[in-house]
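The values are calculated or read from the model by the stated rules, or taken from the named source; none is laboratory data. Worth saying up front: this structure is predicted, and the values here are computed from it rather than measured. Quick reminder, even Gly has a Cβ in these numbers, built from the backbone with ideal geometry, and neighbours come from all protein chains shown.
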């Protein structure tokens, strides 16, 4: 399918014309197209993406990455993309990682904003073009996850901040290897690049892959089927893939709190924290918590500023960025 | 120069989690470290984090320079990976020093034969780089809990670079380089990495030789002078400096 679809070339200039430097892409168009109206509004106001926006955009990127790598794998196996067997194995393990990320994000409530994708014509028959485009994509993924790390730190969501850092590292590996495929120095930097304040800032770079708006882009291509995913997963052991490393958010780190019966505990940061009557900063302050105080939470609600608010067992609400929370805090009931 | 088996290395290093904490304390003057480890639930303080990270980066610089100058029989393109890695480790070290870090040791030890046996070099370097990744992820966790956003992101940036190194040394050892979905979070604290790195710092590992002095300024300058030819991108800043 892909070998017939992607059989000509697109210049780097054309790609950028329609993509990365298309930062002036119509915001209105994006908002209408993907229902992510918050994302750009937050970018321009200096506010952070909310958690749902991060999850949705990250899952979209991961689903695109899976689709991209599967197309490349099929192109190598059909003889269209001239990579050797070792390089093919890199694509397969890259696929597995991206799919694991996608599954994690979906388990957290992510909904990808699109499920079909577009690519430059000829992408999977031209090794140099494949390396160039994939490097741009992987560099974008790294930066987007670093943006997510920044946001989760600001929110006091350490488990997710570390998890997105773990994923950024894996995307960095992919980035290095596709540079190597393109005959470039793979480890060419001292710091992974922080390009975006928000995850949503990555959207203009990825836009032509999502809506085909780039010049010379063709598609759409459907995401991998369950059978296609299973076929690659079945090769994991033979590839030497390590499937047992957990994201920090899923680890039992023996932290000071745990979820039980729909409740969890959080510990206030090293500041005095206001307890409010309702989950908004415009609500009355009905008390406060001392620094580094552990309290039980029994509910949560999305509040103003894109923050989640924790409902205290003892009554009242505190905003999530005022306290550190274990990963399982996100599982307390919506209130 | 004899060859050190994986079993011997592990005996003296990574799996020696039961290594005497007292010995490490006495050697490095980091008596607070183990008390701060997972068992107590306390975090390393910032000075401990940057001192240990600087030590690891200085060790990594020393290690890569020895490999560049060694008798490993690597292809030119692989030597370039080592040179680029050297530059990045040195950049990390310089950043940490600028923040007030003081490495706890400045001379290092390595398994005998490390720089003449590609398989051993790959194996040992992978262990070191995996440890660095985990240590920086621990630092991200700690800085996040402290609300130190700039440093949490910066350590995540560095963890990503160490991840690249990890992948490439696995490749040098003929292993699949990108073998995981998540970089491993092995340590709650940066100091949790000390037992793994201990034999490199004090020579306590079975079959370790040394000490080896860190790179001189001239040696650093000589590698840095090749950055342009290597295709190295020196323009990317840590978030803390943006």
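Points to keep in mind about this one:
- When the range B:139-164 is limited to residues that are within 17 Å of residue B:96 (Cβ to Cβ) and within 14 Å of the chain's Cα centre (by Cα), the one that is farthest from the other protein chains (Cβ to nearest Cβ) turns out to be B:139.
- Residue B:200 more than 7 Å from chain A (Cβ to nearest Cβ) and in contact with a helix residue (DSSP H, G or I) (Cβ under 8 Å, 6 or more places away or on another chain): yes
- Scanning the range B:98-118 for residues that are in a helix (DSSP H, G or I) and either surrounded by 22 or more Cβ atoms within 10 Å (Cβ to Cβ) or within 14 Å of chain A (Cβ to nearest Cβ) (or both) gives a single hit, B:98.
- Exactly one residue among B:130, B:106, B:48 is under 13 Å from the mean Cα position of the chain (by Cα) and modelled with pLDDT of 95 or more, and that residue is B:130.
- Some residue of the range A:204-217 being in a helix (DSSP H, G or I) and facing chain B (nearest Cβ under 10 Å): no
- Residues located in the range B:216-228, provided they are surrounded by 10 or more Cβ atoms within 10 Å (Cβ to Cβ) and assigned to a helix (DSSP H, G or I): B:219, B:220, B:221, B:222, B:223, B:224, B:227
- Annotation note: of B:59, B:121, the sole residue that is assigned to a helix (DSSP H, G or I) and closer than 21 Å to residue A:191 by Cβ is B:59.
- Qualifying residue in the range A:186-196 (condition: part of a helix (DSSP H, G or I), crowded, with 21+ Cβ neighbours inside 10 Å and either within 14 Å of chain B (Cβ to nearest Cβ) or in contact with a strand residue (DSSP E or B) (Cβ under 8 Å, 6 or more places away or on another chain) (or both)): no
- Residues that are within 21 Å of residue B:69 (Cβ to Cβ) and surrounded by fewer than 24 Cβ atoms within 10 Å (Cβ to Cβ), drawn from the range B:172-200: B:172, B:173
- Residue identified as surrounded by fewer than 24 Cβ atoms within 10 Å (Cβ to Cβ) and in a helix (DSSP H, G or I) among A:139, A:163, A:149: A:139
- Sole exception among (1) at the interface with chain B (Cβ under 7 Å from one of its Cβ atoms); (2) closer than 25 Å to residue A:49 by Cβ; (3) out of contact with any strand residue (DSSP E or B) (no Cβ under 8 Å at 6 or more places or on another chain) for residue A:176, by number: (2)
- Unique match (being surrounded by fewer than 23 Cβ atoms within 10 Å (Cβ to Cβ) and modelled with pLDDT under 95) among A:104, A:88, A:108: A:108
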